[in-house]
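Data first, discussion second: the structure below is written as structure tokens.
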Amino acid sequence: MFKVLITGFEPFGEDSLNPSQALINAQQQLQLTGVEVIGCVLPVVRYQAAETAIKAIEIHQPDLVLMFGQASGRAAITPERVAINLDDYRIADNAGHQPIDEPIIPHGPAAYFTTLPVKAMVEDLQQAGIAAEVSHSAGTFVCNHLFYAVQHYLAQHDIPSGFIHIPVLPEQVTATNPSLPSLGLEPLIAAVRVMIQTCYHSKQDRQIVGGSVC
Ligand code: PCA
């Protein structure tokens, strides 16, 4: 059995929902033949998020780690290319921490790349009719922290892992921000099923266009 660990986050900031938590709650719908999906919801708390994820990796010994988090304002599913060694929080985390310009791991490498086939994932999502693009910044908040710390931990292991930001749920679109892009839980589940299949079949990424121009 191919084991996939999927992580999501609790709500944070002004939001009372997080699409990545909704995804874990719907993990039954992610099961595919020959694949065992293990879900884990993480606190939006500096250090604690990564400690919880690493503990889950140690316990379950997955073959693949897919970490998810909300990116309010993004209209597409965005597999992240790179995690940087920087905590610079624009808002406090759920425990009140707000580090400014601090390293995640002192003297650690400046960055880690994803070990997921992100361009293949984006291509397969697009072919399934789901908006997707590679992102080159996971921000400088708890998602980036989790991504960096897990890539650091797994650097000596042969387990593909990476982070994917997802749009908010339609229920999170409020009257004060009616044009916020969103994605429903059903298409989100369909998207995650596509991404699991892509990772299962392609260990190597595809050499296709997917960069960005500023
Ligand atoms: N998104 C935040 C943290 C938790 C989440 O779902 C982020 O992008 O850092």
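Miscellaneous remarks
- Within the stretch 151-164, restricting attention to residues that are in contact (Cβ under 8 Å) with a residue 60 or more places away in the chain and more than 16 Å from the ligand (Cβ to nearest atom), the residue that is farthest from SER202 (Cα to Cα) is TYR153.
- Matching residues, the stretch 113-150, being within 16 Å of the ligand (Cβ to nearest atom), of a type outside the set (A, V, I, L, M, F, W, C) and either buried (at least 21 other Cβ atoms within 10 Å of the Cβ) or modelled with pLDDT under 95 (or both): THR114, SER135, ASN144, HIS145, TYR148
- Tallying residues that are part of a helix (DSSP H, G or I) and more than 16 Å from the ligand (Cβ to nearest atom) within the stretch 1-35 yields 4.
- Selection from the stretch 8-37 of residues that are surrounded by 17 or more Cβ atoms within 10 Å (Cβ to Cβ), closer than 19 Å to ALA190 by Cβ and out of contact with any Asp or Glu (no Cβ under 7 Å at 6 or more places or on another chain): GLY8, PRO19, SER20, ALA22, LEU23, ILE24, GLN27, LEU30, VAL35, VAL37
- Condition met for SER72 (within 13 Å of the ligand (Cβ to nearest atom), of a type in the set (S, T, N, Q), part of a loop (DSSP other than H, G, I, E, B) and within 25 Å of GLU186 (Cβ to Cβ)): yes
- Count of the stretch 168-182 residues which are farther than 12 Å from ASN18 by Cα and in contact (Cβ under 8 Å) with a residue 60 or more places away in the chain: 2
- Enumeration of residues in the stretch 103-120 that are closer than 21 Å to ARG74 by Cα and within 13 Å of the chain's Cα centre (by Cα): THR114, LEU116, VAL118
The values are calculated or read from the model by the stated rules, or taken from the named source; none is laboratory data. Being a predicted model, the structure only gives us computed values, none of them experimental. Neighbour counts run over all protein chains shown; Cβ positions are idealised from the backbone, glycine included.
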